[in-house]
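Undergrad: Here it is: the structure, laid out below.
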Amino acid sequence: MRDFSEYEKKIIQEIVKTDIQKSNVLDVISNITLIDRGIHLKEKEIELVYFKSDQNALNEFFETLSLIKYLERNDLIFIHSNYDFPNEGNYISKNLDQETITKKGSELISQPIPTNIYDIISNFRKSYLVIGTELKKLVENSFKTNEQIHHETELKESRKQTRISTNSFYIALVALLFSLLAPFIFNSKFDENQINSIKKELNNNSTNEIQELEKIRGDLKIISDSIRIKAQTPNNVYKK
């Protein structure tokens, strides 16, 4: 099954809504494509009537016919026809009536199409369509095929597994880093205790050093005083 354009998706969505009791193919086309447009059936040709300002009339008309034929060929819709179908006039439109055509004739174009489109339209006029389950499911799934849905499911599961693997990798990486850094972390705590002990030892040593220095300073003071006394005492004092 090929991809559908946005316009084709719009048509298909309208087709799927069709009541099986009101499923005349040309009526379906009229309700979807022949809004402010019309078809005149003439002798072995048709005329497409539309406003001059309508730039998409011809393209959308042919695209709609082509899409219906494609859906039929691919068993997405089933078309069945009457052998004898009553002649209900030679003009088909959703809302562009004869009165409007008469009043606004200067604004309209009547484009002759002298091809086998006449045969296709004539056949559609006496035919009815039945919508297949696959087409209904396609619309329900936003125009995703079973293969696409299966692929997206697998892709989603794959991304989930990738996400789990990625998370597991990071968890393992964090665990590895922690195991490598743990000795340093605990050693740093131990070193802090050592530092505190060293500080305490230094404080004790400092106290001892200060006391020693005080003692030395006292001794030096005694020696200094002794020298000064000797210097001030006359020499005869020391004579016998």
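Undergrad: Amide H neighbours of Ile77 under 5 Å, at least 5 residues apart or on other chains, H built in the peptide plane: list them.
TA: Result for Ile77 returns Glu72, Gly132.
Undergrad: Mind putting a number on the dipole of the stretch 1-65 about its Cα centre? Charges go on the C-beta only, +1 for Lys and Arg and -1 for Asp and Glu, and I need it in Debye to the nearest 20.
TA: Here the stretch 1-65 has a charge dipole of around 80 debye.
Undergrad: If packing is taken as the mean number of other Cβ atoms within 10 Å per residue, what is the order of 109-117, 123-131, 33-41, highest first?
TA: Listed from highest to lowest mean packing, they are 33-41, 123-131, 109-117.
Undergrad: On to the next question. Using θ = phi - 60° and the Karplus form 6.51 cos²θ - 1.76 cosθ + 1.60, what ³J(HN,Hα) does each residue of the stretch 124-131 get, whole Hz, x for Gly and Pro?
TA: Karplus-based 3J(HN,Hα) across the stretch 124-131 equals 4, 5, 10, 10, 10, 10, 10, 7 Hz.
Undergrad: Also, I was wondering about something else. Lys and Arg at +1, Asp and Glu at -1: add these up for the other residues within a Cβ distance under 9 Å of Pro112 and post the number. Don't jump to the answer; show the numbers that get you there.
TA: On the way: positive: Lys42; negative: Glu45, Glu47.
Neighbour charge sum, excluding Pro112 itself: -1.
Undergrad: Same structure again: Within the P(r) computed for the stretch 1-57, what percentage of the Cα pairs occupies the region above 20 Å?
TA: The answer is 40 percent, as a whole percent.
Undergrad: When 1/r is averaged over all different Cα pairs and the result inverted, which Kirkwood radius in Å belongs to the stretch 23-181?
TA: This gives a value of 19.8 Å.
Undergrad: What number, in nm² with one decimal, is the all-direction average of the projected area of the convex hull of the alpha-carbon atoms of the stretch 114-186? Please list the in-between numbers first.
TA: On the way: hull surface 38.8 nm².
Here the figure is 9.7 nm², rounded to one decimal.
Undergrad: Whose amide H sits under 5 Å from the amide H of Val49, counting only residues 5 or more places off or on another chain, with H placed in the peptide plane?
TA: Gly38, Ile39, His40, Gln111
Undergrad: Right, next: Go from 0 up to the bin containing the longest alpha carbon distance in the stretch 100-139, width 10 Å each, and give me the % of pairs per bin.
TA: 21, 22, 32, 20, 6
Only the coordinates and a few stated rules stand behind these numbers; no lab work does. A quick note: this is a predicted structure, and the numbers were derived from the prediction, not measured. Positions of Cβ are backbone-derived with ideal geometry, glycine not excepted, and every protein chain shown enters the neighbour counts.
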